[in-house]
Amino acid sequence: MEGGRAKKICIVGLGSLGLAQLRAAEAGLGEFELAAGFDADPVRAEILSSSAPLFPAHKMPEVIARMGIQIAMLCVPAEAAQECAEICAAAGARGILNFAPVALRLPPGVHARDVSVLEDLRGLAAMMDGAARAEA
């Protein structure tokens, strides 16, 4: 925690992946606070229930800035990721956790970490193969 306060995060994209992340975040994030969720479909933001407020995507600039959100979790399709990252960065987010399979171009001072299930599976399989060879 920075200065004893939790870092505020938001989830951008409330489809299957985003909704799973939203539910996991609601269960507790330790030193992070789920501050908001956003979706391009305004109806989805209205009908989903969450402990955090949900907004249509066009409100991202205003809400991220007003709430002091520092980290955005991008759970959007690849073709939307760059634009969403730029909007989040311009509004004040300094960290992007990117689930989209694209490399983001971000301004200086904004950091990104890409999450790839495929790469994690490959790493796990390599560990398992190495352990099996060591046991043989």
Mean accessible surface per residue for the chain, computed with a 1.4 Å probe while every protein chain stays in place, in Å²:
59
Fully extended contour minus Cα-Cα distance, from residue 105 to residue 119, at 0.36 nm per residue
3.0 nm
Please report, as a whole percent, how much of the solvent-accessible surface of the chain comes from carbon and sulfur atoms (probe radius 1.4 Å).
58
Amide H within-cut-off set for residue 96, under 5 Å, with H built and near neighbours excluded
72, 111, 112, 113
The answer for trypsin sites (Lys or Arg not before Pro) in the range 74-136 that fall in a DSSP coil and have at most 12 neighbouring Cβ atoms within 10 Å is 105
Given springs between every Cα pair under 10 Å in a Gaussian network model of the chain, which of 52, 93, 24 has the largest fluctuation?
24
Amide H of residue 37: which non-local residues (sequence gap of 5 or more, or other chain) have their own amide H closer than 5 Å, using H built in the peptide plane?
11, 54, 55
Work out from phi, with θ = phi - 60° and the Karplus expression 6.51 cos²θ - 1.76 cosθ + 1.60, the ³J(HN,Hα) of each residue of the range 35-46, listed in order in whole Hz, and give x for Gly and Pro.
9, 6, x, 9, 8, 5, 8, x, 5, 4, 5, 7
Tell me, what ³J(HN,Hα) does each residue in the range 47-59 have, in order and in whole Hz, if you take phi through Karplus 6.51 cos²θ - 1.76 cosθ + 1.60 with θ = phi - 60° and put x for Gly and Pro?
8, 6, 9, 7, 6, 9, x, 10, 9, x, 4, 5, 8
Mind checking which of 69, 96, 47 has the largest fluctuation in a GNM of the chain, springs on alpha carbons under 10 Å?
47
Starting from the coordinates of the alpha-carbon atoms of the range 1-85, obtain the Kirkwood hydrodynamic radius over all distinct pairs and give the value in Å to one decimal.
12.8
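The values are calculated or read from the model by the stated rules, or taken from the named source; none is laboratory data. Source: prediction; values computed, not measured. Here Cβ is always computed from backbone atoms with ideal geometry, including for glycine, and neighbour counts include all displayed protein chains. Calculation scope for accessible area: heavy atoms of the full protein, side chains included, ligands and nucleic acids excluded. Shrake-Rupley method; radii C 1.70, N 1.55, O 1.52, S 1.80 Å.
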